[in-house]
Amino acid sequence: MGTYDIEPSTLDGAALLDSLRTALTRYVALPNPETADAIALWIAATHAQPAWAHAPRLVIRAPEKRCGKSRLLDIVEATCHNPFITVNSSPAAVYRSVSEDPPTLLVDEADTIFGPKADGNEDLRGLLNAGHQRNRPAKRYDATNQRVESIPTFAMAALAGIGAMPDTIEDRAVIARMRRRAPGETVAPYRHRRDRPALRLLADNLHAWLRADLSTLETAEPEMPVEDRAADTWEPLIAVADHAGGTWSDRSRTAVLALTAAADEDNDSNDRQRLLTDCRTAFGDELALPTAELLHRLRALDESPWREYGATGLTAMKLGSLLKEYGIRSDTMRFPGAGQAKGYRRADFADSWERYCADPPAKRDGDEATGGAIPLRRARSA
């Protein structure tokens, strides 16, 4: 960023973070308050990168398309420090742009870097993997000068994509799990020409506030609610929150615990969406089903992929893993006539069915939505 006519002593850090969070939630439907707080702190931390020993990644992931991940990346671009969009940039150009005061790397459609279409992006993958920690330069041989060069890799980066990123990225990341907006959820439309200037002014103020105290931030040792690599990743955000004061110190630690506790397990997005739709069919009119019965009904569906899903078909463990991304988990319940067993409640699927599944076809007289399985009596919670 350039030089701006801003007096840092007049800036209120907590108020700036509040304004940033308000901007995020104005334009993007975020899954929970903790995610909004974490993203605001991550953006603010990009303005003080020279102070940090680690450069946390921001992973913006969604189970399906149209979940707001690209719009969130737009807001990050407008408010972070020196955004560098890597689309159509050669690895050499990206490497040469990383300096002692690095830009913030932004990667949309991250499957072009890590997914099945990732051939030819080894250098960029290496930069994103190595750049989390300071003093991890890339070594390149300069044939013209016949010498080995050390190229800096340290830079904060935001990556948006469908599904999980590799463990090497997510283990070093603040993860925003996006979801499709429900019919009643609304956000303001974002227009680059109209809305970005005000957001860049906010970025200028964040920059002036944090750059005035880089030496303080560099020596900060905030009390962390997590340890090891998670502490390395979240320390810059906690340091910014403590520097701002107000409610941000407590909120930042609440966000750490909430987001680090969230499940990382993921699988192919098409399988997940198909499973959601098939679970709706399998439930029929039931309020709850034992896991074993749900698996039986899924495998019995016409043209079902679940009979041959893996070596032994869809298992209870894999079912739980696929549904966990949507926040759907099994519970121990008492089923009349069947005793106590693990199972799923219909109510826990309702939100995801509304967000991700097409409307079910209208039933004809005599049709059953149980896939040929014998209907269970409705279950009640233990």
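The values are calculated or read from the model by the stated rules, or taken from the named source; none is laboratory data. What you are looking at is a predicted structure, and each value in this text was computed from that prediction instead of being measured. Using ideal geometry, Cβ is built from the backbone for each residue, glycine included, and neighbour counts are taken over all protein chains shown.
Could you give every pair whose Cβ atoms fall below 6 Å, whose first residue belongs to segment 141-157 and is farther than 30 Å from Ile39 by Cα, and whose second residue is modelled with pLDDT of 80 or more and in a strand (DSSP E or B), counting only separations of at least 6 or pairs across chains?
Tyr141/Val148
Look at Ser97 and say whether it is surrounded by fewer than 24 Cβ atoms within 10 Å (Cβ to Cβ), within 14 Å of Phe154 (Cα to Cα) and either modelled with pLDDT under 90 or under 19 Å from the mean Cα position of the chain (by Cα) (or both).
yes
All but one of (1) aliphatic (A, V, I, L, M); (2) under 16 Å from Pro56 (Cα atoms); (3) in contact (Cβ under 8 Å) with a residue 12 or more places away in the chain hold for Leu214; which doesn't?
Leu214 satisfies all of (1) aliphatic (A, V, I, L, M); (2) under 16 Å from Pro56 (Cα atoms); (3) in contact (Cβ under 8 Å) with a residue 12 or more places away in the chain except (2).
Select from segment 315-330 the residues that are outside any helix (DSSP H, G or I) and without any contact (Cβ under 8 Å) to a residue 24 or more places away in the chain and list them in ascending order.
Of everything in segment 315-330, those that are outside any helix (DSSP H, G or I) and without any contact (Cβ under 8 Å) to a residue 24 or more places away in the chain turn out to be Thr315, Arg329.
Regarding Thr86, is this residue closer than 19 Å to Gly161 by Cβ, modelled with pLDDT of 95 or more and in the same structural domain as Ala173 (by TED's automatic domain parsing)?
Spelling it out, it is not the case that Thr86 is closer than 19 Å to Gly161 by Cβ, modelled with pLDDT of 95 or more and in the same structural domain as Ala173 (by TED's automatic domain parsing).
Please state which one of Thr79, Thr104 is buried (at least 22 other Cβ atoms within 10 Å of the Cβ), modelled with pLDDT of 95 or more, touching a strand residue (DSSP E or B) at 6+ places or on another chain (Cβ under 7 Å) and among the hydroxyl-bearing types (Ser, Thr, Tyr). Outline the logic, then answer.
Details: Thr79 fails: touching a strand residue (DSSP E or B) at 6+ places or on another chain (Cβ under 7 Å).
On inspection, the qualifying residue turns out to be Thr104.
List every residue pair whose Cβ atoms lie under 8 Å apart, where the two residues are 6 or more positions apart in sequence or sit on different chains, the first residue falls within segment 224-236 and is among the hydroxyl-bearing types (Ser, Thr, Tyr), and the second residue, located anywhere, is in a helix (DSSP H, G or I).
Hits for this filter: zero, empty list.
Quick check on segment 118-125. Is at least one of its residues surrounded by fewer than 20 Cβ atoms within 10 Å (Cβ to Cβ) and modelled with pLDDT of 75 or more?
Within segment 118-125, one or more residues are surrounded by fewer than 20 Cβ atoms within 10 Å (Cβ to Cβ) and modelled with pLDDT of 75 or more.
Please enumerate the residues belonging to segment 155-199 that are surrounded by 15 or more Cβ atoms within 10 Å (Cβ to Cβ) and more than 27 Å from Tyr326 (Cα to Cα).
Residues satisfying the conditions are Ala155, Met156, Asp195, Arg196, Leu199.
In segment 14-36, what residues are buried (at least 22 other Cβ atoms within 10 Å of the Cβ) and either touching a Phe, Trp or Tyr at 6+ places or on another chain (Cβ under 8 Å) or aromatic (Phe, Trp, Tyr) (or both)?
Leu17
What number of residues within segment 93-114 are in a loop (DSSP other than H, G, I, E, B) and among the hydroxyl-bearing types (Ser, Thr, Tyr)? Before you say what the answer is, go through the steps one by one.
So the first thing to find is which residues in segment 93-114 are in a loop (DSSP other than H, G, I, E, B), and the list is 98-103, 108-110.
Among the residues that remain, those that are also among the hydroxyl-bearing types (Ser, Thr, Tyr) are: 99.
Summing the residues that are in a loop (DSSP other than H, G, I, E, B) and among the hydroxyl-bearing types (Ser, Thr, Tyr) in segment 93-114 gives 1.
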